[in-house]
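Each value in this text was obtained by applying a stated rule to the coordinates, not by laboratory testing. What you are looking at is a predicted structure, and each value in this text was computed from that prediction instead of being measured. Glycine gets a Cβ as well: all are built from the backbone with ideal geometry, and neighbour counts include every protein chain shown.
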Amino acid sequence: MSIAQYHAELVLDVRTDLGEGPLWDGRARCLRFVDIVAGHIQRFDPATRTLRTLAAGGMVGCVAPRASGGLVAARADGLCAIDDAPAGPPRFLLAPAEHDATRCRFNDGKCDPQGRLWAGTMGLQGERGAGALYCFPSAGEARCVLRDVSISNGLAWSLDGATLYYIDSPTRRVDAFDFDAANATLHNRRPAVVLPPGPDVPDGCTLDAEGMLWVAHWDGGCVSRWDPRRGIQLATVAVPAPRVTSCCFGGPALEVLYITTARRGLDAAQLAQCPAAGGVFAVEAGTIGLPAVAWRG
Ligand code: CA
């Protein structure tokens, strides 16, 4: 079967250092994403083309809407709540007992279909096995669900909610787990997608309404679409920036695939060749996404 080819266009020339964690906030009709090391939580309104920046007060791995209003962010030191409209200062909520903020920081995260936030960590120097994956059922509870993680990245749940797809980037795989939704536990880890040999690693990911998985390729300049039950690649979206970090579906009908990228670590020649690196890119690729779930905590 041939692999469908798409090309993403620049929609926001924001030149983030480490743009990450895009999420369409249907409540506010905007794209949210973070610039991790800069500690920025960005809000982009495609209708008015306005960008607004909130300060997380530290490195910030991901952000999600909170069911009770405002936002929750996984900062380097743990979860914090942030008011968005009107904007207010971040309020620290909690950190897992196992989390040592002198060694690790929070990275990618997402809410499961039940509204629990899942967020993982990585060593500050990318040390192998230093990270973990945590589940936050509420503002008063954190559980370590997976240890010996190197760079905790993309998360996505299958349409029936029975499988978690998870990326620990250096493995160069997307792994599947049986997901016990009642108890928020993981079982039966196995590879779902294995990237062909190359310099790229999988970073963030999102599931579409057909149950197919879109995976961002750091140092691959693309997003790929896979059937995660068969491990077969279906499409490629070329992105004119090498360090592609994550993607999500957004827009009024969730018809636009938004893609974040990074400038971090690119040399002068690469930046001259890809001046829009660090921008947000978008493409309509013939399918729609699923609404983001708000955190119930
Ligand atoms: Ca990432």
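See the values below:
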quantity	calculated
Check: the chain dipole with +1 on Lys, Arg Cβ and -1 on Asp, Glu Cβ, in debye	280
Distribution of pairwise C-alpha distances over the chain, 10 Å bins, in %	7, 32, 39, 20, 2, 0
Anisotropy class of region 15-78 from Cα gyration tensor, a/c 1.5 cut	oblate
Cubic angstrom per residue, convex hull over Cα atoms of region 1-157	148
Per-residue ³J(HN,Hα) for region 29-41, Karplus 6.51 cos²θ - 1.76 cosθ + 1.60, θ = phi - 60°, Hz, x for Gly and Pro	6, 9, 8, 10, 7, 10, 10, 4, 6, 5, x, 9, 10
Within region 13-31, backbone nitrogen closer than 20 Å to the virtual label 7 Å beyond the Cα of R264 toward Cβ	13-23
Dimensionless Rg/Rh of region 1-40 - Kirkwood Rh, Rg from C-alpha atoms	1.11
Computed lengthening from A238 to E210, 0.36 nm per intervening residue step minus Cα-Cα distance	8.0 nm
Helix-only [θ]222 nm of the chain, DSSP H runs n ≥ 4, -39500 (n - 2.57) each, per residue, nearest 500	-500 deg cm²/dmol
Estimated Rh, region 108-155: Kirkwood, alpha-carbon pairs, angstrom	10.8
Coordinate range along principal axes, alpha carbons of region 75-201, Å, largest first	45, 35, 28
Taking all pairs of distinct alpha-carbon atoms in region 202-297, Kirkwood radius in angstrom	13.8
Pairwise FRET efficiency - T53 versus A162, Cβ, R0 = 41 Å, nearest 0.05	0.60
Options T185, P228, G198, ranked by Cα towards positive dipole end of region 184-235, top entry (Cβ charges)	T185
Sorted by Cβ neighbour density within 10 Å, fewest at the top, the residues L254, L31, L124	L124, L254, L31
Kirkwood-based Rg to Rh ratio, region 47-106, C-alpha trace	1.02
Net charge over other residues, Cβ less than 15 angstrom from the Cβ of G265 (K, R count +1; D, E count -1)	-3
Dipole magnitude (debye, nearest 20) for region 128-187, charges at Cβ of Lys, Arg, Asp, Glu	280
Loop-located trypsin sites (Lys or Arg not before Pro) in region 30-88, at most 10 other Cβ atoms within 10 Å (DSSP)	R49
